[in-house]
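See structure below.
The values are calculated or read from the model by the stated rules, or taken from the named source; none is laboratory data. Because the structure is predicted, anything quoted here is derived from the model rather than measured. Quick reminder, even Gly has a Cβ in these numbers, built from the backbone with ideal geometry, and neighbours come from all protein chains shown.
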Amino acid sequence: MREKTLRERTRSIEDIVLCGMFTALIAAGAFMKISIPVQPFPMHFTLQFFFVLLAGFLLGSRMGAMSVGSYLIVGLAGVPIFAAGGGLAYLVRPTFGFLLGFLFAAYVTGFVSERLHSQSFFALLFAAVCGLLVMYASGMVYFYFISNYVISMPVTWGIVLVNCFLLTVGGDFVLCVVSAIAAVRLIPLLKRMR
């Protein structure tokens, strides 16, 4: 009984460390960016999404979402770890929906990959694309709503489609492919370590 409790504590500590590590990786990914100067707000292509997908694959749906949630809390608390700063004012930036979408993407990617019971490249790529779609849906709806109803900078769905989807989805799809390749190799390693 005592041995089981010790094993559970060790596992819990490992989960906390891995969750914190992915929170830090997502924050670091914000600074590896390419800015796309479009109006009314510039878009940023970052490596955050790559680490969000890996969090979903390696930590699972719940812990992956918790690592992204920790990242969002730290950024909203004022630490400048988002691509363009930090703080509560970020909530009224139209692009915050993509950061919120990272939370959903990590959960959905982990959830789908857990349900598929396969660590093949194509199964993981499918899970990553599901995360991609959820992240873009969150980002686009938030962008449209905040722009039109909160900060009074009206945009059409056409502008949202071009600026918030077409300009960056190709790069993010490449990140889906790369994350699936990385996860195929990392999942067995993580299982062996545990």
Evaluate the following for Phe51: is it at pLDDT 95 or above, under 23 Å from Val112 (Cβ atoms) and in contact with a Ser or Thr (Cβ under 7 Å, 6 or more places away or on another chain)? no
Tell me which residues, restricted to region 87-110, are touching a helix residue (DSSP H, G or I) at 6+ places or on another chain (Cβ under 8 Å), among the aliphatic types (A, V, I, L, M) and without any contact (Cβ under 8 Å) to a residue 24 or more places away in the chain. Leu88, Leu91
Answer yes or no: is there a residue in region 11-18 that is out of contact with any strand residue (DSSP E or B) (no Cβ under 6 Å at 6 or more places or on another chain), at pLDDT below 80, part of a helix (DSSP H, G or I) and not acidic (Asp, Glu). yes
Is there any pair with a first residue in region 6-20 that is under 22 Å from Phe57 (Cβ atoms) and among the charged types (D, E, K, R) and a second that is modelled with pLDDT of 65 or more and surrounded by 12 or more Cβ atoms within 10 Å (Cβ to Cβ) whose Cβ atoms are under 9 Å apart and which are 6 or more apart or on different chains, and what are they? Asp15/Leu59; Asp15/Met63; Asp15/Met66
If we keep only residues of region 111-134 that are free of Cβ contacts under 8 Å to residues at least 12 places away in the same chain and either under 17 Å from Gly60 (Cα atoms) or hydroxyl-bearing (Ser, Thr, Tyr) (or both), then the residue surrounded by the most Cβ atoms within 10 Å (Cβ to Cβ) is Ala123
Sort through Gly171, Gly131 and tell me the only one that's of a type in the set (Gly, Ala, Ser), closer than 30 Å to Ala77 by Cβ and touching a Leu at 6+ places or on another chain (Cβ under 7 Å). Gly131
When (1) modelled with pLDDT of 95 or more; (2) over 21 Å from Ser70 (Cβ atoms); (3) under 15 Å from the mean Cα position of the chain (by Cα); (4) crowded, with 18+ Cβ neighbours inside 10 Å are applied to Ala137, the one that fails is (4)
